[in-house]
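Read the structure below first, then the notes.
The values are calculated or read from the model by the stated rules, or taken from the named source; none is laboratory data. Only a predicted model underlies this, so the values are computations on that prediction, with no experimental measurement involved. Cβ sites come from the backbone with ideal geometry, for glycine too, and all protein chains shown count toward neighbours. Surface accessibility is based on the protein's heavy atoms, side chains included, excluding ligands, DNA and RNA. Shrake-Rupley method; radii C 1.70, N 1.55, O 1.52, S 1.80 Å.
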Amino acid sequence: MFGFQHFTIGLMALVLSGLAGFSVAGPAQQQKYEALEWIALMPQDDLDALMDPPDFLLDIQDGSQQDSMESFGEVSPDDQKSQRYQQALRSTQVIDTYDNKAIRLPGFIVPLQTNEAQLVTEFFIVPYFGACLHMPPPPPNQIIYAELDKGFALDNLYDAFWFEGVLSTEIVENDLGASAYRMQLDNVIPYPNE
């Protein structure tokens, strides 16, 4: 189910809850992280397009047959606003100033790969719960790919975390979505944990 009205709200919402965290970096790797909000990773023109959806989307009832990414993809909008909205949904435009920068941001985990012990080893970091699973994926410039060789136990998909590490601009594609960023993780910390 797509939920066009929910998508715009979900894109901007960071309703987060917490769990126990861990560090993947040793104590010698203490470093300063720039705290970011998700929208900082998206060019302003993409954000503007997503925050101003085409009028016809407002007429689509939640749960209806038209309420899906497939149906939306079949629409051939003639107006520039609708075309720009569709482009923003698939945008891989990044903010180059964050390439190879140590950052900290909150988010949720979408598991992609687990090891034999059922520990998550590859995942997407997303700005809101349900992204890629219950709703369409956020635009690639709102998804970060990460790996942890040793893996970790994710008890609940509802749990939110702070992610600290070095961000790079790199497109990674998966069946659940595509990311325009990758993060070399140093720490995964429960949210909130101040």
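Observations, loosely collected:
- Residue check, Glu173 in contact with an Asp or Glu (Cβ under 6 Å, 6 or more places away or on another chain) and over 16 Å from Leu36 (Cα atoms): no
- Every condition in (1) closer than 28 Å to Leu157 by Cα; (2) at pLDDT 70 or above; (3) within 18 Å of the chain's Cα centre (by Cα) is met by Tyr33 except one, and the failing one is (3).
- Matching residues, segment 172-191, being over 19 Å from Ala40 (Cβ atoms), under 12 Å from the mean Cα position of the chain (by Cα) and modelled with pLDDT of 90 or more: Ala178
- Listed by first and then second residue, the pairs with beta-carbon distance under 6 Å, at least 6 apart or on different chains, first residue in segment 175-194 and under 14 Å from Pro111 (Cα atoms), second surrounded by 17 or more Cβ atoms within 10 Å (Cβ to Cβ) and of a type in the set (A, V, I, L, M), are Gly177/Ile143; Ser179/Ile143; Ser179/Ile144; Ser179/Val172.
- Taken together, Ala102, Ala40, Ala28, Ala49 contain a single residue that is over 20 Å from Asp175 (Cα atoms), at pLDDT 90 or above, of a type in the set (Gly, Ala, Ser) and open to solvent by 30 Å² or more (accessible area, probe 1.4 Å), which is Ala40.
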